[in-house]
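The values are calculated or read from the model by the stated rules, or taken from the named source; none is laboratory data. Since this is a predicted model, take the numbers as computed values, not measurements. Counting neighbours? That spans all protein chains shown, and the Cβs are built from the backbone with ideal geometry, glycine included. The accessibility values were calculated without ligands, DNA or RNA, using every heavy atom of the protein model including side chains. Shrake-Rupley method; radii C 1.70, N 1.55, O 1.52, S 1.80 Å.
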Number of protein chains: 2
Amino acid sequence: MPDHQEKEQPRRRQARGERRMAQLLEAAAAVFCTTGYTAASTNAIAREAGVSPGTLYQFFPNKEAIAIELGERLVHELRDTYGEALAPVDPATPLEEAVGAAVDRFIAFNCNHPVFFALMHGPDIPGRIAEEHDALHATLLSRIAELLSSFLPEDTPGADVTRTAQMVLGVYKAGLELVLAHEGAEREAYVQELKDVLVRYLAPLVGPRLGRPAGTPATTD
Amino acid sequence: MPDHQEKEQPRRRQARGERRMAQLLEAAAAVFCTTGYTAASTNAIAREAGVSPGTLYQFFPNKEAIAIELGERLVHELRDTYGEALAPVDPATPLEEAVGAAVDRFIAFNCNHPVFFALMHGPDIPGRIAEEHDALHATLLSRIAELLSSFLPEDTPGADVTRTAQMVLGVYKAGLELVLAHEGAEREAYVQELKDVLVRYLAPLVGPRLGRPAGTPATTD
DNA sequence: GACAAACGCGAGTGGTCGCTCGCATTCTGG
DNA sequence: CCAGAATGCGAGCGACCACTCGCGTTTGTC
C-alpha cells in the first residue's frame, strides 16, 4: 500500500467551486436561521442557493457537514474578531467597564451573525455540532472563571467560581435572547439592563473597593 | 338541522379509555423529555405505552394533539398548585423573601414535571403549543410586572417595568436550566445563586429601605 | 484543440414517519 | 344475552427527505 490516506483530502477545487461553497453556506445560514437545523431540508438550502440538490452534495458529504462547516467558520471568526473580549484585563479595571466591554462585543457578534444563535441553541442538533457547542461553552466558561478569579477574593472556593461563571454565562444568554428580540432603542435598553444584572450580581463578590454597584450614588445626603 | 355541534364533543369514553389516555400522555411525556417534540415519533410513544399506533390514534387525532393535551394539563396543574406563587404580596414583605418563595415554587414544579421544560423550550414546536407557550409567557410577564409595580417607586415608567419583568423571567429561565442540570447539594447552591442574582438585580430598583442586598454585611469595619 | 477533471443537473431511491383501515376483541345498556 | 359501541391491533399508504447516479457542460492544462 503505497499511499493510503484515511482522511480524504478536500477535493481539488476550482475558484467556481469555492464560490459555490460560500454561496451554499450563506443559503444554509439563511434557512437555518428561519427554520432551525432539523426542519431545514437540503433541498430548501439548494433552492435558496439557486442550485440543484446534486450540486450541493458535490461540496458537502451530508447535511450535518454543512452545519459543521458553518459552525467552524463562525467559531473561527468569533475567536479572531472578538477573542480578546475575554482576554485578561487589568484587575484595576472597574467591574462595570470590564462587563460592559465583553457584553458589547458578544452582542455585536451575535447581531451580525444571527445563525450563530440558531445553531448553538437548537436542541436536536447532531453530535458534531453539539460537540463544538460544548467546546465553545467550556472555553467561555473557563475564560469567565479565569477573569472572575482575578476579581474575586483569593480565598474563594473553586466550586463557587465555577458556579458563578455558569450563572454569568446563563444570564448572558438569556439577555442575548431578549436583545435579539428587540430593535433600535429598545435593544439598547435591554443591553444596558443585561449589563446592570451582571454588574449588580458580581459587585458584592469582588473586593469592596473595586465593586461599587452601578446605580449607587456616590454621595448620600 | 336539529343538533349541529361544530366542536366534536369528546367521544363517549369508558374508564378503560381514560386510563389509556393517561397512559399515553405519560408515555408521551417520557419520550418528549428524552428526544424533544419533533424527534419524537408517534410509534415510539405508542411503543413506550405498550400499545399499537392505531390505538394511539383512537384517542388523539394527531401528534400535535398529544402535545396540546399534555401542555394543557401541565398549565392547569401549574395554575392550580403554584398559581399563588405570584399572587400579590404585602409590599412590606422583604424582597428576598418574595423572590425566594416564587423561585422555590417554580423550581419545584419544574423538577416534578421535566416535560414542562422540554415542551416549553422546543424551538420547532407546532403552532398551537407555541400559542400556549406564549400565553403562559405573557401571563407570567404581566404577573411579574404587577408584582414589581408594588415594589418599585410609583414614578417608574411602564416600559421600564415591562423590561425589568422580561429580564427577571429570562434570568429565571436561565437559572432553571442550570438548576435542572445539577443534583443534590449543587442544585441547591444554584437555586440560591439564582435568588441572589434576582435579588441583587431588583434591590437597587425598589425603595431604599426595603432593598438591602442579600450579601451586604450589616456593618463595615 | 484535445483530454481530463471539476462542475452542474434533476429524476430517482431507500427509508422514515404520521396516519389510516379493516377486522378482532371487550365492554355497556336494555 | 345480545346488539352496538368503544377499544385494540398492525400491516400498509402517501408524503417527505437525505442522498445518489448517470449524463451533459464548463474549465484548466499541455
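If I build a Gaussian network model for chain A, linking alpha-carbon pairs within less than 10 angstrom, which residue out of A:R105, A:R143, A:R16 has the largest mean-square fluctuation? Among A:R105, A:R143, A:R16, the largest mean-square fluctuation in the Gaussian network model of chain A belongs to A:R16. Here each label is just a point 7 Å from Cα along the line to Cβ, and for A:R16 and A:A159 those points are 6.3 nm apart. A dipole drawn for chain B from +1 and -1 charges on Cβ atoms has a positive end, and of B:Y201, B:G36, B:H121 the residue lying farthest that way is B:G36.
Report, in deg cm²/dmol and to the nearest 500, the calculated mean residue ellipticity at 222 nm for the protein assembly as shown, where each DSSP H run with n ≥ 4 adds -39500 (n - 2.57) and the sum is divided by the residue count.
-22500 deg cm²/dmol
A Cβ-based charge dipole, computed about the Cα centre of the stretch A:12-156 with Lys and Arg at +1 and Asp and Glu at -1, lands at about 1160 debye. Residues in the stretch B:178-185 carry Karplus couplings, in order, of 5, 4, 5, 7, 10, 9, x, 5 Hz; the curve used is 6.51 cos²θ - 1.76 cosθ + 1.60 with θ = phi - 60°, and Gly or Pro positions show x. When the Gaussian network model of chain B links Cα atoms closer than 10 Å, the mean-square fluctuations of B:E96, B:E64, B:E18 top out at B:E18.
Springs join every pair of Cα atoms under 10 Å in this Gaussian network model of chain B, and among B:R163, B:R13, B:R73 the largest mean-square fluctuation is at B:R13. For the stretch A:87-121 versus the stretch B:66-137, the spacing of their alpha-carbon centroids is 30 Å. Chain A against chain B buries an accessible area of about 2200 Å², both chains summed, 1.4 Å probe radius.
Against chain B, whose longest principal axis comes from its Cα atoms, helix B:63-82 is set at around 40 degrees. What does the net charge come to around B:A145 if you take all other residues with beta carbon closer than 15 Å to its beta carbon, with K and R at +1 and D and E at -1? Computed value for this residue: -2. Taking all Cα-Cα distances within the stretch A:29-176, those exceeding 18 Å account for 63%. Taking a ≥ b ≥ c as the square roots of the eigenvalues of the Cα gyration tensor, an a/c ratio of 1.5 or more together with a/b no larger than b/c marks the protein assembly as shown as oblate. Per residue, the convex hull spanned by the Cα atoms of the stretch A:68-147 measures out at 86 cubic angstrom. In chain A, what percent of the accessible surface is made up of carbon and sulfur (1.4 Å probe, ligands and nucleic acids excluded)? Answer for chain A: carbon and sulfur cover 52 percent of the accessible area.
The residues of chain B expose, per residue, 55 Å² of accessible area to a 1.4 Å probe.
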